[in-house]
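Before any comments, here is the structure.
The values are calculated or read from the model by the stated rules, or taken from the named source; none is laboratory data. From a predicted model like this one, the values you see are computed outputs, not experimental measurements. Cβ atoms come from the backbone with ideal geometry, glycine included; neighbour counts cover every protein chain shown. The accessibility values were calculated without ligands, DNA or RNA, using every heavy atom of the protein model including side chains. Shrake-Rupley method; radii C 1.70, N 1.55, O 1.52, S 1.80 Å.
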Amino acid sequence: MADDSGAHRALPEKEVTGPARRGPFRPERLQPVRSRISGSGLARLFQAGDALALILASWIASAAMSLPPVMWLGAPMLALVLLVATGAYSMNMRERLRRRFGRLLIAAGAAGGGAGAVCGLLDPTFPAIACVAWAAAAATALMSTHLAWGVVLGRLRARGLLTPNLIVVGGTPAAQRLIRRALRTRDVNILGVFDDRRDRVGPDIHGVPVLGKTADLIDYRILPFVDRIVITVPPRAGPRIAQLLERLAPVPNPISLLLDEDDEDAQSRAMGRIADFDLMHVSGATERSGYLLAKRILDLALSLGALVALAPVMAAVAFAIKLDSPGPVFFRQKRHGLMNEEITVWKFRSMRTEVSDHRAARQVTADDDRVTRVGRFIRRTSLDELPQLFNIVTGEMSVVGPRPHAIGMLSGGAEASKLVETYAHRHRIKPGLTGWAAVNGSRGPVDTADDVRRRVALDLEYVERRSFWLDLSIILRTAPCLLGDSGAVR
C-alpha cells in the first residue's frame with residue numbers, strides 16, 4: 001500500500017535531546033533540513049529589496065531636482081554591482097556596523113559619482129549637486145534596508161533556520177580547531193562528533209558530545225536535521241578516507257572533507273568558509289536556490305489549485321469510502337522524507353481497517369483480499385494518493401520526486417533499504433507525488449530485489465538530472481497515468 005526506506009535506529013531520546021548530550025551548539029529546537037532557508041536565495045531576496053530601495057531613492061532625489069535616465073537606471077545598477085563585488089550580502093554577523101555602513105556609503109557615493117560623470121559628459125550643464133542628492137538618498141535607503149536585513153537574519157538564526165547544522169566524523173586536531181572556531185564565531189552549529197576511537201577521544205570535544213562510532217551514524221535519528229557531514233582527517237590518510245566514505249555510503253546527507261593541513265593559513269581559510277560549505281565536496285548534490293524556489297512555487301501553485309479543483313472529487317471519494325466499509329476515511333503512514341526525516345503521509349483508505357498495513361510488511365498483490373471495492377477503484381485510478389496534496393502544501397513532499405516508501409518496507413521478505421547500499425540517497429530530495437521512476441514504468445509495489453534496484457536506480461538518475469524543465473516534463477507525462485496503469489498492480 002505504500003513504499004519507503006529503512007527504519008530509524010531506536011535510540012533513547014536522551015541521546016538526541018537530553019540535556020547532558022545537547023552540547024554548546026544545539027538550538028532549543030532542531031529544524032529539519034527541509035525547513036531551512038537557503039543563504040544564497042536569501043541574499044538574492046535582499047538584493048531585490050535593495051534594488052527597489054535604490055529605485056525609490058532615485059524617485060525621491062528626482063522630486064528634488066530632475067534626474068536624467070542615466071541616474072535613474074545606471075546609478076542603482078552600478079550600486080548593486082559594487083555591493084555584490086564588495087561582499088555586502090555575506091551578512092557576516094560578526095562584521096561591525098561601522099564597516100558595513102562604510103561599505104554602503106562607498107557604494108552609494110561611487111555609483112552616484114560614476115553615473116554623474118557620465119551625465120556630465122553627455123550634458124555639460126548637469127549639476128554636480130544632483131550626484132550628491134542621489135548618493136545621499138541611496139545611502140539612506142541602503143542603510144535602512146540593511147538594518148532590516150540584519151534583524152531578519154538574527155531572528156532566522158535564533159530559530160535555527162539559517163545557521164548550518166554539521167556533524168563531524170573524526171576527533172582530529174582539525175576537528176578541535178573547527179569546534180573552537182565555531183564556539184568563537186557561531187557561524188555553524190556542530191551537533192556532535194563520531195569517532196571510532198571513542199575511548200581515546202573522550203565523551204566530548206570542547207563540549208560537543210561524542211555520539212558514537214562511525215557505524216552508529218548511518219541510522220542515527222539526528223540525520224534529518226544535519227545539513228552536512230564533515231570528515232576531518234589528515235591529508236595523507238588516503239586509505240582511511242576511502243574506508244570512511246565506504247562506511248557512510250548509505251547516508252543521504254552531503255559529505256565534505258576538511259583536511260588537517262600543515263599550513264595554518266590554508267586551514268584557517270577552509271574553516272573560515274565552512275559556513276558556506278566551501279569545503280572539498282565529496283558526495284551529495286549541491287542545491288541551486290533558484291531551482292528550489294521555482295520548484296516550491298510550482299508545488300504550491302499545483303497543489304493548491306488541485307485541492308480547489310478536485311475538492312468535489314475528494315469529497316465523493318470520502319463519502320464512498322464511508323459507505324463501503326467501516327473505519328476512517330484517511331490512512332496515515334510513517335514514511336521517510338528529505339534526509340530520512342520521518343513524515344506522516346496521507347492517503348484515502350483503500351483496505352479494510354482491521355488489516356491495514358502500516359509497516360508495508362506485505363505488499364499489495366492482484367485481487368488482494370484486503371482491498372475494499374472502493375479501494376480497488378481509487379488505487380487503480382490513483383485517487384487514493386490525492387490527500388498527499390496536503391503533504392505538498394506543508395512542504396513535506398513535492399509534486400515531483402522519488403515516491404516515499406513505508407519505513408521498514410519489505411520486498412521479498414527482506415527490508416528494501418538493505419537491498420541497495422545507496423537506497424537512502426533517494427532521500428537527498430523531497431519525496432514526490434509522481435516521479436521519474438513512475439513515468440518510466442516503476443509504479444506500485446516492488447516485490448523483488450530487482451524491482452527495488454530498478455526503482456532506486458531511476459530515483460537516483462532523477463536526483464542527479466533534476467531541473468525545473470525535467471519536472472514539467474514528468475508532470476506532463478504523468479497526466480496520462482492518472483486514470484490508471486493497467487500494467488502495474490495498484
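Between SER62, SER90, which is within 30 Å of PRO254 (Cβ to Cβ), open to solvent by 30 Å² or more (accessible area, probe 1.4 Å) and not hydrophobic (A, V, I, L, M, F, W, C)?
On the way: SER62 fails: within 30 Å of PRO254 (Cβ to Cβ).
Of SER62, SER90, the one residue that is within 30 Å of PRO254 (Cβ to Cβ), open to solvent by 30 Å² or more (accessible area, probe 1.4 Å) and not hydrophobic (A, V, I, L, M, F, W, C) is SER90.
Sort out which residues of the range 409-436 are open to solvent by 10 Å² or more (accessible area, probe 1.4 Å), more than 18 Å from VAL33 (Cβ to Cβ) and not polar (S, T, N, Q), and write them in order of number.
Within the range 409-436, LEU410, GLY412, GLY413, ALA414, GLU415, LYS418, LEU419, VAL420, GLU421, LEU433, TRP436 qualify.
Would you be able to say whether some residue in the range 114-134 is free of Cβ contacts under 8 Å to residues at least 24 places away in the same chain, closer than 30 Å to LEU52 by Cβ and out of contact with any helix residue (DSSP H, G or I) (no Cβ under 8 Å at 6 or more places or on another chain)?
Yes, the range 114-134 contains at least one residue that is free of Cβ contacts under 8 Å to residues at least 24 places away in the same chain, closer than 30 Å to LEU52 by Cβ and out of contact with any helix residue (DSSP H, G or I) (no Cβ under 8 Å at 6 or more places or on another chain).
Answer yes or no as to whether ILE231 is within 19 Å of ALA175 (Cα to Cα), under 25 Å from the mean Cα position of the chain (by Cα) and open to solvent by less than 50 Å² (accessible area, probe 1.4 Å). Break it down into steps so the answer makes sense when it comes.
Details: within 19 Å of ALA175 (Cα to Cα): yes; under 25 Å from the mean Cα position of the chain (by Cα): yes; open to solvent by less than 50 Å² (accessible area, probe 1.4 Å): yes.
It is true that ILE231 is within 19 Å of ALA175 (Cα to Cα), under 25 Å from the mean Cα position of the chain (by Cα) and open to solvent by less than 50 Å² (accessible area, probe 1.4 Å).
What are the pairs with Cβ atoms under 7 angstrom where one residue, in the range 219-244, is over 16 Å from THR163 (Cβ atoms) and without any contact (Cβ under 8 Å) to a residue 60 or more places away in the chain and the other, located anywhere, is open to solvent by 50 Å² or more (accessible area, probe 1.4 Å) and not hydrophobic (A, V, I, L, M, F, W, C)? Sequence gap at least six, or different chains.
If the second residue must be open to solvent by 50 Å² or more (accessible area, probe 1.4 Å) and not hydrophobic (A, V, I, L, M, F, W, C), the pairs left are PRO235/GLU261.
Do we find a residue being touching a strand residue (DSSP E or B) at 6+ places or on another chain (Cβ under 6 Å), at pLDDT below 90, in a helix (DSSP H, G or I) and closer than 23 Å to LEU248 by Cα anywhere in the range 420-438?
Among the residues of the range 420-438, at least one is touching a strand residue (DSSP E or B) at 6+ places or on another chain (Cβ under 6 Å), at pLDDT below 90, in a helix (DSSP H, G or I) and closer than 23 Å to LEU248 by Cα, which makes the answer yes.
Mind telling me which of the residues LEU42, LEU30 ends up being assigned to a loop (DSSP other than H, G, I, E, B) and more than 12 Å from the chain's Cα centre (by Cα)? Walk me through how you get there before you give the answer.
Working: LEU42 fails: assigned to a loop (DSSP other than H, G, I, E, B).
The match here is LEU30.
Just to be sure, is ARG269 modelled with pLDDT under 80, over 23 Å from TYR220 (Cβ atoms) and charged (D, E, K, R)?
Details: modelled with pLDDT under 80: yes; over 23 Å from TYR220 (Cβ atoms): yes; charged (D, E, K, R): yes.
Answer is yes for this residue.
Which members of the range 182-199 meet the condition of being in contact (Cβ under 8 Å) with a residue 24 or more places away in the chain and not in a loop (DSSP other than H, G, I, E, B)? Quick ask: steps written out before the conclusion?
We begin by selecting, within the range 182-199, every residue in contact (Cβ under 8 Å) with a residue 24 or more places away in the chain; these are 182-183, 185-195, 197.
Hits for the range 182-199 are ALA182, LEU183, THR185, ASN189, ILE190, LEU191, GLY192, VAL193, PHE194.
Here's the yes/no breakdown for (1) out of contact with any Ser or Thr (no Cβ under 9 Å at 6 or more places or on another chain); (2) surrounded by fewer than 17 Cβ atoms within 10 Å (Cβ to Cβ); (3) modelled with pLDDT under 85:
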| site | (1), (2), (3) |
| --- | --- |
| LEU307 | yes, yes, no |
| PRO326 | no, yes, no |
| PHE331 | no, no, no |
| HIS336 | no, no, no |
| ASP367 | yes, yes, yes |
| ARG379 | no, no, no |
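Among the residues of the range 350-359, are any open to solvent by 30 Å² or more (accessible area, probe 1.4 Å), of a type in the set (A, V, I, L, M), part of a loop (DSSP other than H, G, I, E, B) and modelled with pLDDT under 85?
no
Can you tell me which residue is nearest to VAL169 (Cα to Cα) among those in the range 200-215 that are in contact (Cβ under 8 Å) with a residue 40 or more places away in the chain and open to solvent by 10 Å² or more (accessible area, probe 1.4 Å)?
Going residue by residue through the range 200-215, those that are in contact (Cβ under 8 Å) with a residue 40 or more places away in the chain are 204, 206-209, 211, 214.
Within this subset, residues satisfying the condition of being open to solvent by 10 Å² or more (accessible area, probe 1.4 Å) are 204, 206-207.
Details: ASP204: 13, HIS206: 15, GLY207: 16 Å.
The selected residue is ASP204.
Just one of the numbered conditions (1) farther than 24 Å from GLY395 by Cβ; (2) in contact with a Gly (Cβ under 6 Å, 6 or more places away or on another chain) is not true of VAL446; which one?
(2) is the only condition that VAL446 fails.
Can you say whether ARG155 is basic (Lys, Arg) and either without any contact (Cβ under 8 Å) to a residue 24 or more places away in the chain or open to solvent by 30 Å² or more (accessible area, probe 1.4 Å) (or both), as far as the supplied structure shows? Steps first, answer last, please.
Values: basic (Lys, Arg): yes; either without any contact (Cβ under 8 Å) to a residue 24 or more places away in the chain or open to solvent by 30 Å² or more (accessible area, probe 1.4 Å) (or both): yes.
The answer is yes for ARG155.
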